[in-house]
1. If we keep just the residues of segment 122-146 that are free of Cβ contacts under 8 Å to residues at least 60 places away in the same chain and open to solvent by 40 Å² or more (accessible area, probe 1.4 Å), which is nearest to residue 189 (Cα to Cα)?
2. Against the definition (open to solvent by 70 Å² or more (accessible area, probe 1.4 Å), assigned to a loop (DSSP other than H, G, I, E, B) and modelled with pLDDT of 95 or more), how does residue 93 come out, yes or no?
3. Would you tally the residues in segment 154-173 being surrounded by fewer than 20 Cβ atoms within 10 Å (Cβ to Cβ) and assigned to a helix (DSSP H, G or I)?
4. When only residues in segment 49-61 that are assigned to a loop (DSSP other than H, G, I, E, B) and open to solvent by 70 Å² or more (accessible area, probe 1.4 Å) count, which is modelled with the highest pLDDT?
Amino acid sequence: MTASHKSPDSDLFAELMEDVTPLKQNDKVSYFEPHTTPTLAQQHKRLAAQLDAELDDNILSTEYIDLIDPLDFIAYKKDGVQDGVYKNLRLGKYGVDATLDLHGQSLLQARQALYETVSDCHQRDIRVLLVRHGTGERNQSQKGLLKSYVNHWLKQLSCVLACHSALKPHGGLGATYVLLKKSADKKLENRERHAKR
């Protein structure tokens with residue numbers, strides 16, 4: 001553009017910019033963090049987290065579920081479980097062989113403890129487990145959270161045949177009886193015993 005073709009706007013702009021000095025190259029602000037190499041401790045922490053994720057064979061989900069009322073009964077049985085067996089479980093007629101207390105545990109701690117305990121009981125041929133989870137009535141923000149997840153998780157475990165809220169002496173609505181399948185070894189042992197008759 002020649003001087004004769006200058007617009008009034010460009011004259012105004014030039015006038016306003018007279019006292020402005022351009023930024024030096026090293027005065028520029030960078031919006032990107034410079035790449036830093038993680039410390040050895042950070043590298044180990046990441047590796048441990050990756051290994052934990054890979055080694056975690058726990059199938060219990062932590063996805064959002066609808067919470068049950070703290071005073072609701074937990075009641076579930078798989079197809080094939082005889083009504084008489086389920087009735088005996090519900091009425092507390094089977095001896096409790098093991099107990100798991102989840103009071104005071106976070107959801108993730110409870111998830112891991114339940115999974116490990118049920119798996120261990122099944123391997124050791126423990127048939128009836130009592131899980132104490134509380135009702136969660138006092139938790140104003142999430143009433144019945146742990147109880148709801150225990151109810152959800154027990155249905156996900158293939159070795160759980162049935163479960164029902166416990167009787168008052170065993171914790172009432174804050175605890176659940178869990179009936180487990182016989183282990184493969186125990187089934188084989190029973191078949192061999194009956195075959196000898």
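1. Out of the qualifying residues, it is 124.
2. Against the criterion (open to solvent by 70 Å² or more (accessible area, probe 1.4 Å), assigned to a loop (DSSP other than H, G, I, E, B) and modelled with pLDDT of 95 or more), residue 93 qualifies.
3. The qualifying residues number 6.
4. 59
For every residue, the table says whether it meets (1) charged (D, E, K, R); (2) closer than 21 Å to residue 162 by Cβ; (3) not in a helix (DSSP H, G or I).
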{"site": "68", "(1), (2), (3)": "no, yes, yes"}
{"site": "88", "(1), (2), (3)": "no, yes, no"}
{"site": "104", "(1), (2), (3)": "no, no, yes"}
{"site": "122", "(1), (2), (3)": "no, yes, no"}
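The values are calculated or read from the model by the stated rules, or taken from the named source; none is laboratory data. Everything quoted here is computed from the prediction, not taken from an experiment. Using ideal geometry, Cβ is built from the backbone for each residue, glycine included, and neighbour counts are taken over all protein chains shown. Surface accessibility is based on the protein's heavy atoms, side chains included, excluding ligands, DNA and RNA. Shrake-Rupley method; radii C 1.70, N 1.55, O 1.52, S 1.80 Å.
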